[in-house]
1. Tally up the residues in the stretch 128-142 that are touching a Phe, Trp or Tyr at 6+ places or on another chain (Cβ under 9 Å), open to solvent by less than 50 Å² (accessible area, probe 1.4 Å) and closer than 16 Å to residue 203 by Cα, please.
2. Can you name the condition, by its number, that residue 181 falls short on among (1) without any contact (Cβ under 8 Å) to a residue 40 or more places away in the chain; (2) open to solvent by less than 40 Å² (accessible area, probe 1.4 Å); (3) among the basic types (Lys, Arg)?
3. Does residue 79 meet the test of being more than 30 Å from residue 149 (Cβ to Cβ) and either out of contact with any Leu (no Cβ under 6 Å at 6 or more places or on another chain) or not in a strand (DSSP E or B) (or both)?
4. Taking the condition open to solvent by 30 Å² or more (accessible area, probe 1.4 Å) and of a type in the set (A, V, I, L, M, F, W, C), does residue 17 pass?
5. Restricting to the stretch 287-321, count the residues that are in a helix (DSSP H, G or I) and in contact (Cβ under 8 Å) with a residue 12 or more places away in the chain.
6. Among the numbered conditions (1) under 24 Å from residue 170 (Cα atoms); (2) modelled with pLDDT of 95 or more; (3) open to solvent by 10 Å² or more (accessible area, probe 1.4 Å), tell me where residue 94 comes up short.
7. Quick one: how many residues across the stretch 185-229 are assigned to a helix (DSSP H, G or I) and either touching a residue at least 24 places away in the same chain (Cβ under 8 Å) or surrounded by fewer than 17 Cβ atoms within 10 Å (Cβ to Cβ) (or both)?
8. Among (1) closer than 23 Å to residue 222 by Cα; (2) hydrophobic (A, V, I, L, M, F, W, C); (3) open to solvent by less than 20 Å² (accessible area, probe 1.4 Å); (4) in a loop (DSSP other than H, G, I, E, B), which single condition is residue 123 missing?
Amino acid sequence: MPGVPLPRLLDAALDRLVVPGYSRLGYLARAAGWSALPADALAGRTVAVTGAAGGLGEATAAGLVALGAEVEMLVRDRGRGEAARARLLEAHPGARVTVARCDLADLDDVRRYAADARDRLVALHGLVHNAGVLPGERTETKAGHELCLATHVLGPFLLTRELLPLLRAGSPPDRPGSPARVVFVSSGGMYTASLHTDDPEFREGRFSGGAAYARTKRMQVVLAELLADDLAGAGVAVHSMHPGWADTPGVAGSLPGFHRLTGPLLRTVEQGADTAVWLQAAREPGRCSGVFWHDRAPRPTHYLPRGAEAPEERAALWALCVDATTA
């Protein structure tokens, strides 16, 4: 039996204060009041997870498998992916897990993978956009796109569109309460950035990996809202979330100072991945779309009203994604 849910005012206070809400302390306080998901909550469902070779992606894949899902692990490095699959099977013998190579920053590779998936899979019931990068210097893909933008925004947009036939098949009209679900793993760092549609490729000014990361994580949240509207007719739900501060190899490698300072407060990768798994399995997120979540609860996308994006900025982001991914 779950404990007593955290009062809304206290929960909101933890969220606004950042440190207690994003740390493992906030997770533990909130989780005490959660109901456990049924062990077969995802039985018969197939979910693809990008960036699944380690960190939050591997933990998300493990959480999905534990609930009965068949999981497609999308990775850039097949060797690392196979090692992650072996760890997962060791913990969950008999789980149905496949590894597929897909570099989200390479739009041609996204198209290649999607064509292969359409040939192999009957339906896709879930897609988790988890792959992430935090480069130390400005780097362009072979198509000429800044690496953060390509990995966090353009690749996921294209992949979602390319897999739409499978997502439609995973959203049968006779099961309106159980649509296919697309989830963007954003970051609390997106609160520090506005929607930069005037310079999306970060060509102007001095490049900062942290700023590029935050900007594109903001883009993910807005893009999830736009895709929610676009895919409503297909019966596909689209959400975004942030995992809080989790102790991942990416954080340790890209933000060593932050990692040293916050180490004792960081969440485990399982705690960080919890909401992404919950969004694929629980009933509530199947009945809505376009919501930003943290620790299984809807969260504001801005803390100040004046921070909201103008309609023309949102339209510019959509146009950017369409133009950049049209072959």
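1. Number satisfying all stated conditions: 1.
2. With (1) without any contact (Cβ under 8 Å) to a residue 40 or more places away in the chain; (2) open to solvent by less than 40 Å² (accessible area, probe 1.4 Å); (3) among the basic types (Lys, Arg) applied to residue 181, the lone miss is (1).
3. Working: more than 30 Å from residue 149 (Cβ to Cβ): no; either out of contact with any Leu (no Cβ under 6 Å at 6 or more places or on another chain) or not in a strand (DSSP E or B) (or both): yes.
Considered against the rule, which asks whether it is more than 30 Å from residue 149 (Cβ to Cβ) and either out of contact with any Leu (no Cβ under 6 Å at 6 or more places or on another chain) or not in a strand (DSSP E or B) (or both), residue 79 comes out as no.
4. Working: open to solvent by 30 Å² or more (accessible area, probe 1.4 Å): yes; of a type in the set (A, V, I, L, M, F, W, C): yes.
It is true that residue 17 is open to solvent by 30 Å² or more (accessible area, probe 1.4 Å) and of a type in the set (A, V, I, L, M, F, W, C).
5. Taking the stretch 287-321 first, the residues in a helix (DSSP H, G or I) are 305-307, 311-321.
Retained after the next criterion (residues that are in contact (Cβ under 8 Å) with a residue 12 or more places away in the chain): 307, 313-314, 316-318, 320-321.
Looking only at that region, the number is 8.
6. (2)
7. Quick first cut of the stretch 185-229, residues assigned to a helix (DSSP H, G or I) only: 188-192, 209-229.
Checking which are either touching a residue at least 24 places away in the same chain (Cβ under 8 Å) or surrounded by fewer than 17 Cβ atoms within 10 Å (Cβ to Cβ) (or both) leaves us with 188-192, 209-210, 212-229.
The number of residues fulfilling the criteria is 25.
8. All conditions pass for residue 123, except number (1).
The values are calculated or read from the model by the stated rules, or taken from the named source; none is laboratory data. These numbers were taken from a predicted model, which means no experiment stands behind them. Note that each Cβ is placed from the backbone with ideal geometry, even for glycine, and that neighbours are counted across all protein chains shown. Keep in mind that these areas ignore ligands, DNA and RNA; they rest on the heavy atoms of the full protein, side chains included. Shrake-Rupley method; radii C 1.70, N 1.55, O 1.52, S 1.80 Å.
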